[in-house]
Amino acid sequence: MNMLNHFKSFANDESGAVTVDWVVLTAAIVGLGLVVMTTVGGAIKTQATAIGAAVTADVGTGLSSN
């Protein structure tokens, strides 16, 4: 097999194209997840802190009144 035939065979082979598509799609999904986490992460932390403080206050009040 000469070099030209080898190059034609390589150019026509698409076996790795699907893998590349999946890698790009997965990277895009991971990137989107990171953007969402960065955008809403602060608000989620603030709400979780407020809920934790409210639960702590309610539990403390409930225990002291018994």
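The values are calculated or read from the model by the stated rules, or taken from the named source; none is laboratory data. All of these numbers come straight from a predicted model, not from anything done at the bench. Reconstructed Cβ throughout: ideal geometry from the backbone, glycine too, with neighbour counts over all protein chains shown. SASA here: full protein model, heavy atoms, side chains in, ligands and nucleic acids out. Shrake-Rupley method; radii C 1.70, N 1.55, O 1.52, S 1.80 Å.
Residues of the chain: accessible area per residue at 1.4 Å, in Å²? Kindly include the intermediate steps, with their values, before the conclusion.
Values: 5870 Å² over 66 residues.
Value returned for the chain: 89 Å² of accessible area per residue.
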With Rg and the Kirkwood Rh both taken from Cα atoms, where does Rg over Rh land for the chain?
-> 1.61
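Summarise the accessible area of the chain (1.4 Å probe, protein heavy atoms) by the percent that is carbon and sulfur.
Answer for the chain is 71 percent, counting heavy atoms of protein chains only.
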Between the alpha carbon centres of segment 1-19 and segment 23-52 the gap in Å comes to 41 Å
Springs between alpha-carbon atoms under 10 Å, Gaussian network over the chain: tell me which of THR56, THR38, THR46 tops the mean-square fluctuations.
-> THR56
Distance in nm between label sites at ALA54 and PHE10, each 7 Å beyond Cα in the beta-carbon direction?
-> 6.4 nm
